[in-house]
Amino acid sequence: MNGVAAKLSLISIMTIIIFYSGTAQHVTDFSLENTDNELVSLEELKGDKLTVIDFWATWCKPCTKAMPKLNDIYTSYKDQGLNMIGISCDGPRSISKVNMVSQSLRIDYPILKDIDCEVMNAYQFEAFPTLIILDEEQNIVYVHEGFVSGDETKIEEEIAALLK
Amino acid sequence: MRHALRIFCFILSGFLFSTNLSAQFRGSNLLEVQLGKLPNETADPFPSLYDRTILNYQYGPLRASTTIEQYYTEYSDRNYTSFSQFSLQYMTKHWDIKLGNMYETLGRGTLLRSFEIRGAVLEDLGFRSRSYFHRDILGGAVKYRTKKFSVQLMRGDVLNNLLPPVFDRSERRSDTFNSLSADYKYYKKHKLGLVLFNFTKEGDDRNFVSTSLKGPLFGKLNYYVEYSQGISERDQFAIYASINGFAGALSYSLEYKNYQNIILGSGVNEPPQAIKEQTYRTLNRSTHVSNPLSEDGYQIDLFYSFTNGSVLNFNHALARNSFGSNDFIFRQFFLELSSQVAKIIEYKAFIDYSIDPLKGEEDRLSAGLYSDVKLNQKLRLLPEIEYQIFSRSGTNVTNAYYAIGLNYNSQINLSLQLETTTDPFLVEDNQVKRFYPGINMRFKLNQKNTILIFGGERRGGPACSAGVCYEILDFKGIEARWTTRF
């Protein structure tokens with residue numbers, strides 16, 4: 001009986017994965033503390049045209065490799081309706097290093113702290129770093145997981161195309 | 001059969017309700033198949049299938065979610081299909097109400113810490129069944145917050161994550177707590193936190209109080225202090241403090257800890273380790289794991305940024321464990337340089353010296369070099385090497401790790417790996433060295449689907465990820481994983 005249940009449930013899950021082609025995911029408003037211990041919301045921080053959210057952690061080497069390059073993109077496009085938000089998923093072990101790491105990398109865009117990583121979990125992203133781009137309606141229009149050098153070019157091209 | 005019907009019902013209702021334009025139905029799935037050899041396993045090769053599905057429905061401020069886990073092998077006593085999580089959440093600007101399974105941490109986790117380690121599917125040598133590695137809370141929470149203050153009331157049963165879903169709920173969740181927590185912004189950006197915490201396990205009822213303070217100092221420095229104390233049991237306490245800041249190109253973080261008798265139940269809490277979490281293979285395996293029964297110490301972390309973008313990181317940690325009249329003092333000194341050569345080679349080089357009396361590892365010296373060489377616009381070569389030597393009970397042990405990887409356009413990643421060790425605990429009879437060769441392949445099919453394939457032999461042992469340390473088993477064979485979002 002267990003075997004039948006397993007097959008049925010696996011088949012049902014696979015069916016929905018293969019055939020479900022949902023519309024773009026919408027990110028609902030959330031509030032998190034920034035590096036100054038102030039509670040801020042997505043509504044307050046979102047860009048006029050695009051909002052880039054980078055999920056990262058201090059212990060994640062590709063994340064800290066990506067951040068200075070993302071900061072360059074932010075500097076180039078912040079006057080064109082783009083805002084960028086870094087959400088740290090550092091737990092109790094490393095959350096005290098979030099300010100230090102973002103300062104040492106000279107990050108200018110706002111950094112928020114999510115000790116239980118609730119925002120990233122809600123949208124079921126698995127990898128660090130994960131970068132998402134939201135349109136004006138807060139729909140996810142682009143997702144980039146992981147980071148190797150050269151990825152910043154792809155991300156920038158995507159932003160430039162979306163801003164047109 | 002009952003579980004299969006439940007899944008059908010959830011999916012059907014999700015489809016129906018998501019036809020409403022303001023509703024969303026989404027999910028993710030992780031499917032992993034193993035065929036190989038595991039420690040103490042008689043079947044060789046041993047086939048197994050693990051699947052974890054998360055289904056999520058959202059309508060305005062209301063969110064419903066369920067997690068289905070399945071594990072199947074040739075042994076029926078290890079197999080299961082389980083609705084391992086179910087949750088309802090109502091969230092607005094001021095209110096956050098949760099019912100069911102949830103993740104919550106109070107302060108820095110000295111009294112309550114839950115977590116989910118992404119992608120970690122664990123098998124315990126004792127129970128021989130695989131499950132997702134997480135520690136969640138089954139209960140309810142009501143939070144009200146403004147920019148000035150927040151108040152939260154919570155009650156829940158915490159998961160003992162050593163027990164897989166083949167165990168009953170009552171066995172897996174025998175630790176119960178009630179908490180009332182609040183924080184108040186009292187002066188500019190300074191915050192005061194207070195937690196009243198009641199913990200019950202098998203009739204043993206205990207109460208704790210915790211206070212915390214955090215805020216900026218002198219413009220360039222932030223502090224955090226947390227003190228948790230048993231109300232009746234005065235010898236149960238945790239003190240944690242940190243300051244961090246920057247001065248020009250130098251950023252720093254200093255942490256202090258003193259934990260005495262502060263292990264609650266099966267691990268409801270987890271005070272900050274104040275030990276650097278290392279991602280390098282040899283150092284990650286050697287990470288000192290805090291023992292909140294008796295541990296005090298500190299950590300210093302310094303970053304210096306050069307004008308050319310290079311970053312130098314120095315870390316020093318000390319942790320003292322006292323058992324009876326014996327003190328065991330762990331010391332670690334770590335130095336790392338991240339830099340670039342001629343704009344086509346990026347590298348990280350590290351050296352680490354540690355003394356770890358609890359593991360009996362004296363003069364542990366580790367060094368490594370990780371590079372990223374740009375071959376052309378789409379192709380990158382990733383050579384990695386690590387070497388570690390130490391002495392244990394008069395025997396010299398050497399660990400080494402070599403890898404050469406190729407990355408094509410961030411979509412395809414191939415990596416050949418070889419680990420070696422002369423550790424007498426791991427080397428087989430009549431041999432002086434053990435080899436762990438393997439190949440890792442990752443194919444990112446699109447923004448929603450990724451396939452990972454491992455073939456070869458993987459060294460088990462301690463591993464730390466996202467701030468949590470655990471044990472993984474040796475494995476020899478083939479493992480394939482498909483992760484998807486929909």
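The values are calculated or read from the model by the stated rules, or taken from the named source; none is laboratory data. Computed from a prediction, not measured in an experiment: that's the story for all the values here. Note that we place each Cβ from the backbone using ideal geometry, even for glycine, and neighbour counts take in every protein chain shown.
The set of residues in the range B:372-411 that are in contact with a helix residue (DSSP H, G or I) (Cβ under 7 Å, 6 or more places away or on another chain) and among the acidic types (Asp, Glu) contains only B:Glu386.
Selection of the range B:226-246 for residues being among the small types (Gly, Ala, Ser) and out of contact with any Phe, Trp or Tyr (no Cβ under 9 Å at 6 or more places or on another chain) yields only B:Ser232.
Here is a yes/no grid of residues against (1) within 23 Å of A:Glu43 (Cα to Cα); (2) not basic (Lys, Arg):
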{"position": "A:Gln103", "(1), (2)": "no, yes"}
{"position": "A:Asp108", "(1), (2)": "yes, yes"}
{"position": "A:Lys113", "(1), (2)": "yes, no"}
{"position": "A:Glu118", "(1), (2)": "yes, yes"}
{"position": "A:Tyr123", "(1), (2)": "yes, yes"}
{"position": "A:Leu134", "(1), (2)": "yes, yes"}
{"position": "A:Asp151", "(1), (2)": "no, yes"}
{"position": "A:Ile159", "(1), (2)": "yes, yes"}
{"position": "A:Leu162", "(1), (2)": "yes, yes"}
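Given the criterion surrounded by fewer than 22 Cβ atoms within 10 Å (Cβ to Cβ) and at the interface with chain A (Cβ under 9 Å from one of its Cβ atoms), identify the matching residue among B:Thr110, B:Thr73, B:Thr146.
On the way: B:Thr110 fails: surrounded by fewer than 22 Cβ atoms within 10 Å (Cβ to Cβ); B:Thr73 fails: at the interface with chain A (Cβ under 9 Å from one of its Cβ atoms).
Of the residues listed, the single one that is surrounded by fewer than 22 Cβ atoms within 10 Å (Cβ to Cβ) and at the interface with chain A (Cβ under 9 Å from one of its Cβ atoms) is B:Thr146.
If you filter the range B:419-458 down to residues that are under 23 Å from B:Leu35 (Cβ atoms) and β-branched (Val, Ile, Thr), you find that the one that is farthest from the chain's Cα centre (by Cα) is B:Ile439. Restricted to the range B:207-228, and to residues there that are part of a strand (DSSP E or B) and of a type in the set (Gly, Ala, Ser), the residue that is modelled with the lowest pLDDT is B:Gly215.
Meeting the requirement of 1 or more residues that are touching a Gly at 6+ places or on another chain (Cβ under 8 Å), the strands (runs of 3 or more DSSP E) wholly within the range B:382-486 are B:395-408, B:412-421, B:434-444, B:449-458, B:468-472, B:475-485.
Counting only residues that are of a type in the set (Lys, Arg) and surrounded by 20 or more Cβ atoms within 10 Å (Cβ to Cβ), the range B:177-190 holds 0 of them. The residues of the range B:277-309 that are without any contact (Cβ under 8 Å) to a residue 40 or more places away in the chain and within 15 Å of the chain's Cα centre (by Cα), listed by number, are B:Thr279, B:Ser290. Any idea which residue in the range B:118-133 is nearest to B:Tyr227 (Cα to Cα), counting only those that are more than 10 Å from every other protein chain (Cβ to nearest Cβ) and assigned to a strand (DSSP E or B)? Among residues in the range B:118-133 that are more than 10 Å from every other protein chain (Cβ to nearest Cβ) and assigned to a strand (DSSP E or B), the one nearest to B:Tyr227 (Cα to Cα) is B:Phe133. Inside the range A:121-144, can you point out the residues that are of a type in the set (Asp, Glu) and crowded, with 19+ Cβ neighbours inside 10 Å? Of everything in the range A:121-144, nothing turns out to be of a type in the set (Asp, Glu) and crowded, with 19+ Cβ neighbours inside 10 Å.
For B:Asp235, are the conditions met, namely being within 12 Å of chain A (Cβ to nearest Cβ), free of Cβ contacts under 8 Å to residues at least 60 places away in the same chain and acidic (Asp, Glu)?
Working: within 12 Å of chain A (Cβ to nearest Cβ): no; free of Cβ contacts under 8 Å to residues at least 60 places away in the same chain: yes; acidic (Asp, Glu): yes.
No, not satisfied.
Only a single criterion out of (1) modelled with pLDDT under 95; (2) more than 10 Å from chain A (Cβ to nearest Cβ); (3) part of a strand (DSSP E or B); (4) surrounded by fewer than 21 Cβ atoms within 10 Å (Cβ to Cβ) is not satisfied by B:Arg63, namely (2). Identify the residue in the range B:152-176 that is out of contact with any Lys or Arg (no Cβ under 7 Å at 6 or more places or on another chain) and within 14 Å of chain A (Cβ to nearest Cβ) and, among all such residues, is surrounded by the most Cβ atoms within 10 Å (Cβ to Cβ). Top of the filtered list is B:Gly156. When each of B:Glu32, B:Glu41 is tested for being assigned to a strand (DSSP E or B) and of a type in the set (D, E, K, R), the lone residue that passes is B:Glu32.
Please indicate, with yes or no, whether at least one residue in the range B:247-256 is more than 18 Å from B:Gln152 (Cβ to Cβ), more than 14 Å from every other protein chain (Cβ to nearest Cβ) and not hydrophobic (A, V, I, L, M, F, W, C). Give the derivation first.
Residues of the range B:247-256 that are more than 18 Å from B:Gln152 (Cβ to Cβ), as a first pass: B:247-256.
In the following step, the residues that additionally are more than 14 Å from every other protein chain (Cβ to nearest Cβ) were identified as none.
For the range B:247-256, residues more than 18 Å from B:Gln152 (Cβ to Cβ), more than 14 Å from every other protein chain (Cβ to nearest Cβ) and not hydrophobic (A, V, I, L, M, F, W, C): absent.
Applying the criterion of being among the aromatic types (Phe, Trp, Tyr) and more than 19 Å from B:Phe323 (Cβ to Cβ) to the residues of the range B:231-267, the residue that is surrounded by the most Cβ atoms within 10 Å (Cβ to Cβ) is B:Tyr240.
Looking across the range B:281-291, just one residue is within 23 Å of B:Arg234 (Cα to Cα) and either part of a helix (DSSP H, G or I) or touching a Lys or Arg at 6+ places or on another chain (Cβ under 9 Å) (or both), and that is B:Ser290.
A search for C-beta distances below 8 Å between a residue of the range B:93-107 that is facing chain A (nearest Cβ under 10 Å) and without any contact (Cβ under 8 Å) to a residue 24 or more places away in the chain and any residue that is of a type outside the set (Ser, Thr, Tyr) and in a loop (DSSP other than H, G, I, E, B), counting only pairs 6+ apart in sequence or on different chains, returns B:Lys93/A:Asp29; B:Thr105/A:Gly91; B:Thr105/A:Pro92; B:Thr105/A:Ile115; B:Thr105/A:Asp116. Within the set A:Ser94, A:Ser102, the sole residue that is within 10 Å of chain B (Cβ to nearest Cβ), farther than 30 Å from B:Lys374 by Cα and at pLDDT 90 or above turns out to be A:Ser94. Within the range B:351-366, is there a residue that is within 21 Å of B:Phe390 (Cβ to Cβ), within 12 Å of chain A (Cβ to nearest Cβ) and assigned to a strand (DSSP E or B)? No - not one qualifying residue is present in the range B:351-366.
A:Asp108 fulfils the conditions (1) closer than 24 Å to B:Gln278 by Cα; (2) without any contact (Cβ under 8 Å) to a residue 40 or more places away in the chain except for a single criterion, (1). For the range A:131-140, the set of residues classified as closer than 28 Å to B:Ala120 by Cα and either more than 11 Å from every other protein chain (Cβ to nearest Cβ) or modelled with pLDDT of 95 or more (or both) consists of A:Leu131, A:Ile132, A:Ile133, listed by residue number.
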